[in-house]
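Shown next, in C-alpha cells, is the structure this report addresses.
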Amino acid sequence: MARNRDEYQFALLFNLIRLIKGKGMLVFLTCRKPGTERILVSKLKEELAGEFSFKELTFDTGDYDPIDYIAVVEDQSPKKLYIISGFPFEIFYKNPTIMEEDIKRLLNAFNIRREHILVLNLKIIIICPPELEDRMMMKAPDFYRFCNYSADFSEKEIEKTVNHGSQDKLKKIDFLLNALKTTIREDHKADLYFELGKLYYELTQFEKAVSFLEKAEIIYKKSKNKKKMAGVWGYMGKVYSGLEQPKKSMKYVKESERLSREMNLLGKVVE
C-alpha cells in the first residue's frame, strides 16, 4: 500500500529528535489550520512520551515572546522538548497586518536569542504557517541553514493518517462512558472525567472536553489532589486556546504551572 508524504516526514522527524537528543535543535512544522496543528502536537507527544517531558507554549506568552520566555524564564532541562503552538491561523490568514507587530517582536526575539538554542542545548519545535517560517529564515539565514529541520504538513494527507486514531478514541470514549455508569467512588469518577476531557480535546470537540474537565476539576478540588488539578488546568488551557479564548487559556496555563512549581518545591523540601 502506498504511503503518503506525511508518514515519511513523521518518521524522519522522530528519528532526528532521538538522534540529536543531547544537542540544541530548532524544528519548524508548518501547516495552515489549527486542527492540523493539534494533530501534530498530539503525534509528538504520543511518539516521544517517556523519552522527553513536554513544555507547551502559545505564541501569546504575555510579557515575553515564546523564544524569549524559554531563554530567560525557563529552568531548562536536556530532556525537555519545547513546543510552541497555538498560532492564531484564522486571524493571520484573514488579515495578516493585524499581527504584524507581534510577528516582528517574535522575529526580533528569535534573532537575539537564537544562540541560546545551541549554547543551552534547547530542543524547540515551532508550529506555524509556512509564511512565518520563511520570514524567520530570512532573519537568521546562517543559523537556519545549519540548525534547523523543517516539514510542511498538508491538511488532506494528515487527516488520512489519523482516521484510524480517531476511531480508536471514539471506542475509548464509549468504554469510559459505560464505565461511568457503574463507578461509585468519586476519585474514580474524576479520573474518568479527566480521560474523557482529554479524548474530546484530541478530537477537537472542545465544548464536550470542557464539560468533562470541569467535572473532574470539582472533585479534585474537594480531594485537594494537586497533581491531578495541575493536569486538568493544563488541559483547560489547551481547550480554551482551541475555543479561541486566549485570556481564559492563559489563566489556566499559569495556574497549572504555579501548582506544578509548588509541588516541585515541596518535593525538594521533603527530600
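Taking the Cα centre of the range 186-271 as the origin, how large is its charge dipole in debye, to the nearest 20, when only Lys and Arg (+1) and Asp and Glu (-1) carry charge on their Cβ atoms? Let's see the in-between values first.
Details: 18 positive and 13 negative charges, 65 e Å.
So the magnitude is around 320 debye.
With unit charges on the beta carbon (Lys/Arg positive, Asp/Glu negative), name the residue among Leu57, Tyr69, Ile39 whose Cα is farthest towards the positive pole of the charge dipole of the range 8-70.
Going by the Cα projections, it comes out as Ile39.
Diagonalise the Cα gyration tensor of the range 205-249 and give the resulting equivalent ellipsoid semi-axes, square root of 5 times each eigenvalue, largest first, whole Å.
Its equivalent ellipsoid spans semi-axes of 20, 11, 7 Å.
Starting at the first residue of the range 9-17, write each ³J(HN,Hα) from the Karplus equation 6.51 cos²θ - 1.76 cosθ + 1.60 with θ = phi - 60°, in whole Hz, x for Gly and Pro.
These are the phi-based 3J(HN,Hα) values: 5, 4, 4, 4, 4, 5, 5, 4, 4 Hz.
Could you tell me the accessible area of Val210 in Å² (1.4 Å probe, neighbours in place), rounded to the nearest ten?
Using a 1.4 Å probe on the heavy atoms, I get roughly 10 Å².
Under the rule of at least 5 residues apart or a separate chain, name every residue whose amide H is placed under 5 Å from the amide H of Ile125.
Val27, Tyr82, Ile83, Ile84
Compute the FRET efficiency between Lys104 and Glu257 as 1/(1 + (r/R0)^6), taking r as their Cβ-Cβ distance and R0 = 45 Å, and round to the nearest 0.05.
Working: r = 27 Å, r/R0 = 0.60.
Taking R0 as 45 Å, the efficiency between Lys104 and Glu257 is 0.95.
For Glu56, what accessible surface area do you get with a 1.4 Å probe? Give it in Å², rounded to 10.
Per-residue accessible area (Glu56): approximately 50 Å².
Per q in 0.26 Å⁻¹, report the Debye log10 I(q)/I(0) for the range 189-271, using one uniform scatterer on each alpha carbon and no solvent.
Results for the range 189-271 at q = 0.26 Å⁻¹ read -1.19.
Let me cross-check Thr182: its accessible surface, 1.4 Å probe, with only protein heavy atoms counted, in Å² to the nearest 10?
Accessible area, nearest 10 Å²: 110 Å².
The values are calculated or read from the model by the stated rules, or taken from the named source; none is laboratory data. Bear in mind that the values here come from a model prediction, so they are computed numbers and not experimental data. Cβ: placed from backbone, ideal geometry, glycine included. Neighbour counts: every protein chain shown. When the accessible area is computed, the model is the full protein with side chains, heavy atoms only, and any ligands, DNA or RNA have been set aside. Shrake-Rupley method; radii C 1.70, N 1.55, O 1.52, S 1.80 Å.
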